[in-house]
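Report on one structure; see the data block that follows.
What follows draws every value from the coordinates through simple rules; no lab data is involved. Because the structure is predicted, anything quoted here is derived from the model rather than measured. Backbone-built Cβ (ideal geometry, glycine too); neighbour counts: all protein chains shown.
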Amino acid sequence: MTSSSLAAQRLERVRTALDEAGLDGLYVASPVDDVNHRHSANRRYLTGFTGSTGYAVISATKAVLAVDSRYSAQARTEAEHRGFTVFDTKGPQSAWLSELFSATGLSNKRLGLSRSDLSYGDFLTLSEAVDHLPERDRPFLIPAPPIIEQLRARKDAEELSLLEQAILIAEQAFLDATTALEPGVTENAFAGALDAAVKEHGAHGLSFEPIVASGERGAMPHADLSDRPFQASEPIIVDWGAELSGYCSDLTRTFFLGTEPDGFRNVYQIVREAQQTAIAGIESGMTGADAHSLAASFIEKHGYGNEFTHGLGHGVGLDVHDYPPYLGPASTDVLEEGMVFTIEPGIYLPGWGGVRIEDIVTIEGGRARQISHLDSTFQTGAHR
């Protein structure tokens, strides 16, 4: 299936969801921080547009991407073959909004707002601009349900292929970066080596700032990077990923340099068996809480229940933390065919460090299929 036909399917699904929600259209804004944010995932999913600033508006008969002159050429290249007409925003906002709503047939209609893409400040700005329109041109601004997020949760074949490629690149980069790794290398330096390696293998870059937590710092699941040098005989947690065509992988491995740290083997094997138990037990139809409990109960049975301090996993896709699904103790998200998410149990021991192992699975044929392949067995994957 071509990208054009996949895009047409996505638009059709959005329109079906709008109809079910009693809405006549959908407004998808730029991200809150349009300078530093890499893209609006919802907007990119629909339009393919990778610029920082732009607005997608979808009605029953029209799909429009509104951008300013800086992005016109880029928008036409990326979005027109996906069924979007590019609209140039010129002059006062109220003037071009009036024209935009007229062109999409949304004047005096119920316009749903994609809430995750619209800050409160931007909502007020939009509302004020709409209030300045002639009454006949004003749409009714309505908070929309998470229509696009729900569609993004189930990956199509093109998305799954990109995710598998992003995973492979991350795995190859990790092997490259750890091949000659020795004590004395700092966490920051190793993160830089990972970034260079994913780019060398064809990725845009790392999909997020990696977590490199050595020694006692490994007891902090989301430790910031530091200039601490690696030392022999201590656990080292590395959580990283690669971004390819907007799609993000997310993996974690724990290893050590030199001789095995005291207690490492036992903790490592509990975490790995908890992960494999969860992967084997996950089925479509269960909730995120059900999935979380598969690993959590295993870890608790082995005496470390209080040391597993976070959820089991999260969706991955155009965002490194795609939502839904979230796999955690209170999650009611239902796991469905085509979802792609992480499985990442961990044990964290203050004063010692931590162990986390993270892989990516998809729901296929009602069961979880692991699509990351970097070895995590103790003999070959836990130490270097």
*In deg cm²/dmol, rounded to 500, what helix-only [θ] at 222 nm does the chain give when every DSSP H run of at least 4 residues adds -39500 (n - 2.57) and the total is split over its residues?*
-11000 deg cm²/dmol
*At ARG115 and GLU80, where each label point lies 7 Å from the Cα along Cα→Cβ, what is the point-to-point distance in nanometres?*
3.7
*Note down the magnitude of the dipole of segment 55-168 about its Cα centre, charges +1 on Lys and Arg C-beta and -1 on Asp and Glu C-beta and zero elsewhere, to the nearest 20 debye.*
260
*Quote the FRET efficiency, to the nearest 0.05, computed for LYS199 versus ASP68 with a Förster distance R0 of 51 Å and r equal to the Cβ-Cβ distance.*
0.95
*Extension reserve of the LEU349-THR16 stretch, reckoned as 0.36 nm per residue once the Cα distance is removed*: 115.0 nm
*Gained length - PHE140 relative to SER3, 0.36 nm times residue gap less alpha-carbon distance*: 46.0 nm
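Assuming R0 = 35 Å, can you tell me the calculated FRET efficiency for the pair ASN188 and ASP262, based on Cβ-Cβ distance, to the nearest 0.05?
Approximately 0.85, to the nearest 0.05.
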*Relative contact order [Cα under 8 Å, 6+ residues apart], segment 154-381, whole percent*: 22
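So for the chain, averaging the separation of alpha carbon pairs under 8 Å that are six or more residues apart and normalising by length, what relative contact order in percent results?
After rounding, I find 13 percent.
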_Cα-centre dipole for the chain with unit charges at Cβ (Lys and Arg positive, Asp and Glu negative), debye to 20_ = 780
_Calculated FRET value between ALA60 and ARG367, using beta carbons and R₀ = 45 Å, to 0.05_ = 0.75
*Residue order, fewest to most beta carbons within 10 Å, for LEU294, LEU151*: LEU151, LEU294
*Give LYS155/LYS301; LYS62/LYS90; LYS155/LYS199 a once-over and call out the pairs whose C-alpha atoms are over 31 Å from each other.*
LYS155/LYS301
*Simple label model, 7 Å out from Cα along Cβ direction - ASP375 to SER127, nm*: 5.9
*Given the Cα-Cα distance of GLU283 and SER161 and 0.36 nm per residue of separation, how much length would full extension add, in nm?*
41.7 nm
*Choose one answer from ILE343, ILE142, ILE169: the residue with the largest mean-square fluctuation in a GNM of the chain with alpha-carbon springs under 10 Å.*
ILE142
*Taking the simple approach of a point 7 Å from Cα along Cα-to-Cβ for both GLU99 and ASN306, what is their distance in nm?*
6.5
_Fluctuation leader among ALA274, ALA180, ALA41 - the chain, Gaussian network, Cα springs under 10 angstrom_ = ALA180
